[in-house]
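Reading through the structure tokens given below for one structure.
The values are calculated or read from the model by the stated rules, or taken from the named source; none is laboratory data. Note that the structure is a prediction, hence the values are computed from the model and not measured. FYI the Cβ positions are ideal-geometry reconstructions off the backbone, even for glycines, and counts take in every protein chain you see. These area figures cover heavy atoms from the full protein model, side chains too; ligands, DNA and RNA do not enter into them. Shrake-Rupley method; radii C 1.70, N 1.55, O 1.52, S 1.80 Å.
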Amino acid sequence: MTIAENIKNITSKLPEYVKLVAVSKTKPNSDILEAYEAGQRIFGENKVQDLSRKFEELPKDIEWHFIGHLQTNKIKYIAPFVSLLHGVDSFKLLKAINKEARKNNRKINCLLQFHIAEESTKFGFDYEEVTEALDSEEFKELDNIEICGVMGMATYTDDTDQIANEFANLKNIFLKLKEQYFSTNTAFKEISMGMSGDYKIAIEQGSTMVRVGSSIFGARNYAQK
Ligand SMILES: *Cc1c(COP(=O)(O)O)cnc(C)c1O
């Protein structure tokens, strides 16, 4: 299967309200252009340096999402153009993003990353940390960020019930936050969950945005990078 065929296959099976983020990390521009020619416009990267370079080199109507763990000292490189930051996992980072967004005279869209997996290695907020941040006076002054929803990653396991439960948990977190903090905010609407191995389960559990890499571009070869 070619990249174009993979894109067509996957998008044809997604409900129309679910956006596809094509995760192009480690992949060359030629692969991204093949997906682009097939109509794909949203791409996700997890390294600031790769994202900046690809933004410079590729068509300007691409919507670039950052899906990795963002370090505060690197926000400035992508702040001028990034469309959505998926992995915001601390209040400190939110404040730093706001500062860089203000310098660029824009608002940066962010998703709050929650820790829903069993593995302790995955980044993310827990619920209390987020409510504490959202309740603070400091948060209300962050005029240059837009909180657009939540993001999470399920445990890497064959146990589909466990995966479904973890995604259901993220959906619940989304609903609680929506009710408590964002009931009148139409921007707060995204649930970014689901990757190549589990995006179908994620959609059943209410995902609005899936981040799919290897099912589009093939396996990644990190050694070759
Ligand atoms: C790499 C990555 C993906 C895509 O993973 P695949 O299994 O290749 O689909 C999705 N989300 C995040 C945060 C990633 O780092």
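Below are the figures for this structure:
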item: Low-density loop cleavage sites - GluC sites (Glu not before Pro) in the range 102-145, where at most 15 other Cβ are within 10 Å (DSSP); result: Glu118, Glu119, Glu141
item: Near-label residues of the range 85-117 by backbone N, under 15 Å of a point 7 Å along Cα→Cβ of Thr186; result: none
item: Two-site label geometry, Arg102 and Glu146: point separation in nm, points 7 Å out along Cα→Cβ; result: 1.9
item: In the range 1-108, the chymotrypsin sites (Phe, Trp or Tyr not before Pro) that fall in loop regions by DSSP, at most 15 other Cβ within 10 Å; result: Tyr17
item: Cα centre as origin, Lys/Arg/Asp/Glu Cβ charges: the range 77-216 dipole, Debye; result: 800
item: Set Lys54/Lys200; Lys8/Lys140; Lys13/Lys54; Lys27/Lys107; Lys13/Lys140; Lys95/Lys200 screened for pairs whose C-alpha atoms are more than 31 Å apart; result: Lys8/Lys140; Lys13/Lys140; Lys95/Lys200
item: Residue-normalised accessible area of the range 52-179, given per residue in Å² at a 1.4 Å probe; result: 50
item: Qualifying GluC sites (Glu not before Pro) in the range 8-63, DSSP loop, other Cβ atoms within 10 Å at most 13; result: Glu16
item: Residues Asn9 and Gln162, FRET efficiency given R0 of 41 Å [Cβ-Cβ distance, rounded to 0.05]; result: 0.95
item: Amide H within-cut-off set for Ile108, under 5 Å, with H built and near neighbours excluded; result: Ile145, Glu146
item: Karplus-derived HN-Hα couplings along the range 181-196 (A = 6.51, B = -1.76, C = 1.60, θ = phi - 60°), whole Hz, x at Gly and Pro; result: 10, 10, 4, 9, 9, 6, 5, 7, 8, 9, 10, 8, 8, x, 10, 3
item: Residues with amide H under 5 Å from that of Phe125, placed H, sequence gap 5 or more; result: Gln113, Phe114, His115
item: J(HN,Hα) series, the range 2-13, from Karplus relation 6.51 cos²θ - 1.76 cosθ + 1.60, nearest Hz, glycine and proline x; result: 7, 4, 4, 5, 4, 4, 4, 4, 5, 5, 5, 9
